[in-house]
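**Q** The following block contains the structure, expressed as structure tokens.
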Amino acid sequence: QVQLVESGGGLVQAGGSLRLSCAASGRTSSTYAMGWFRQAPGKEREFVARISKIGGSTNYADSVKGRFTISRDNAKATVYLQMNSLKPEDTAAYYCAASWGSTTRMSDFAVWGQGTQVTVSS
């Protein structure tokens, strides 16, 4: 089984940057795709970004395209989310997840981390 642990969240001013990390343990990381989702208070969890098993393919939500970059280092079994030009509306708990499916649907992601909070002040 895969276990995921996120880190790197915090408080940042609008326009600033943060890099989230998600460390995986258990099964070999190159056997599953990885994604980031977020959930703001009172809102449903939403897709942010996905990266394929080897990292050759990425997908992003329209709201973060051009500002966020997902990457992975399978040797370190770690996935990253570089977040630039942060906005107050990016404030949410961010979750990484592992997928053996082929889409960005939440239902494709079988294993989830505990989340890390990102707060962007205006």
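The values are calculated or read from the model by the stated rules, or taken from the named source; none is laboratory data. These numbers were taken from a predicted model, which means no experiment stands behind them. For neighbour counting, all protein chains shown are included, and Cβ atoms are generated from backbone atoms with ideal geometry for every residue, glycine included. Just the protein is used for accessible areas: all its heavy atoms, side chains included, with ligands, DNA and RNA removed. Shrake-Rupley method; radii C 1.70, N 1.55, O 1.52, S 1.80 Å.
**Q** Using the basic label-point model (7 angstrom from Cα toward the beta carbon), what is the SER122 to MET106 distance in nanometres?
**A** 2.6
**Q** Run the accessible area of the range 16-122 with a 1.4 Å probe and give the carbon-and-sulfur part as a rounded percent. Let's see the in-between values first.
**A** On the way: 2400 of 5110 Å².
Exposed carbon and sulfur together represent 47 percent of the surface.
**Q** Using Cα pairs under 8 angstrom and six or more residues apart, how large is the relative contact order of the chain, in percent? Each step should come with its number before you reach the end.
**A** Numbers: 306 pairs, mean separation 42.6, N = 122.
Once normalised by length, the contact order is 35 percent.
**Q** Where a ≥ b ≥ c are the square roots of the eigenvalues of the C-alpha gyration tensor, would you call the chain rounded, which needs a/c under 1.5, or, failing that, prolate if a/b is larger than b/c, or oblate?
**A** Prolate, since a/c reaches 1.5 and a/b exceeds b/c.
**Q** Compute the accessible area per residue over the chain, keeping the other protein chains in place, probe 1.4 Å, unit Å². Show your work: numbers first, answer last.
**A** On the way: 6010 Å² over 122 residues.
So the chain comes to 49 Å² accessible per residue, rounded to a whole number.
**Q** Starting from the 7 Å offset along Cα-to-Cβ, what nm value, one decimal, do you get for the label separation of THR69 and GLN39?
**A** So the two model labels end up 3.0 nm from each other.
**Q** How big is the charge dipole of the chain about its Cα centre, in debye rounded to the nearest 20, if each Lys and Arg gets +1 on its Cβ and each Asp and Glu gets -1 on its Cβ? Working shown, then result.
**A** Working: 13 positive and 8 negative charges, 42 e Å.
For this selection, approximately 200 debye.
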